[in-house]
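Working notes for the structure below.
The values are calculated or read from the model by the stated rules, or taken from the named source; none is laboratory data. Here the structure is a predicted model, which means the values were calculated and not measured. Cβ placement follows ideal geometry from the backbone for every residue including glycine, while neighbour counts extend to all protein chains displayed. Side chains included, ligands, DNA and RNA excluded: accessible areas come from the protein's heavy atoms. Shrake-Rupley method; radii C 1.70, N 1.55, O 1.52, S 1.80 Å.
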Amino acid sequence: YGRGTRECHDQMREVYRAIGKTSVLQPWRSGGTGSYYGVPYYHLTEQHIVETLMNGAGGIQFFCSLSFESPLDFFYMARAFSMLSPYEDILWNGELDENVAGDNEKMIYTARRLDKKMLFLTGNYGNRNPEKTVLSLPGVSKATVLSATGNVTCQRDDFVLCLLEME
């Protein structure tokens with residue numbers, strides 16, 4: 001619950017480390033994230049889904065459908081699932097690689113690897129400015145940006161999701 005995407009990342013990662021089985025991890029998440037408050041938080045629905053599934057969950061249970069406060073909550077939920085659904089095999093069978101990280105400590109990183117493919121997620125959550133990071137991964141032959149923005153610039157309070165293919 002709550003609005004902290006970094007907290008969502010950390011909680012899911014901690015539980016995955018303890019249990020280590022994607023097939024049994026089905027966390028409860030709050031349905032809505034406060035799209036009718038003074039500051040729009042509806043985009044956090046997308047961030048929470050992406051972070052939860054990338055960090056080891058095999059699915060998500062939503063607390064209450066009444067928690068969805070706006071059609072934008074459903075829009076961002078659908079966008080997150082449509083981004084990740086083609087890579088279900090990596091999410092379900094891939095290994096969380098905690099050694100993959102960039103050089104910017106203001107951002108958080110998640111990598112799930114399966115055979116010669118890796119989903120890589122970097123988040124610039126809660127930061128007021130766009131951020132850049134440098135990531136060194138020898139053997140990457142192709143990188144495809146999967147994020148809805150379609151670019152590798154990590155705007156403030158946003159994320160970039162990429163598919164990396166290894167040689």
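Solvent-accessible surface (1.4 Å probe) assigned to VAL134 amounts to roughly 100 Å². Accessible surface area normalised per residue over the chain is 53 Å², counting heavy atoms of protein chains with a 1.4 Å rolling probe. Computed FRET efficiency, Cβ-Cβ of LYS21 and PHE74, R0 30 Å: what is it to the nearest 0.05? It comes to 0.50. For ASN127, list long-range residues whose amide hydrogen, built 1.01 Å from N in the peptide plane, is under 5 Å from its own amide hydrogen. For ASN127, the qualifying residues are ASP157. When the range 99-164 is described by a simple charge dipole with +1 on each Lys and Arg Cβ and -1 on each Asp and Glu Cβ, the residue from ALA143, GLY123, GLY102 located farthest towards its positive end is ALA143. For the set ASP103, ASP158, ASP89, ASP73, the ranking by accessible area, highest first and with no ligand, DNA or RNA atoms included, is ASP103, ASP89, ASP158, ASP73 under a 1.4 Å probe. The label point for GLU98 and the one for GLN155, both projected 7 Å from the Cα toward the Cβ, are 3.2 nm apart. Solvent-accessible surface of protein heavy atoms, probed at 1.4 angstrom with all chains present, puts TYR42, TYR16, TYR125 in the order TYR42, TYR16, TYR125, largest first. Largest GNM mean-square fluctuation among GLY58, GLY102, GLY139, using the chain with Cα springs under 10 Å: GLY139.
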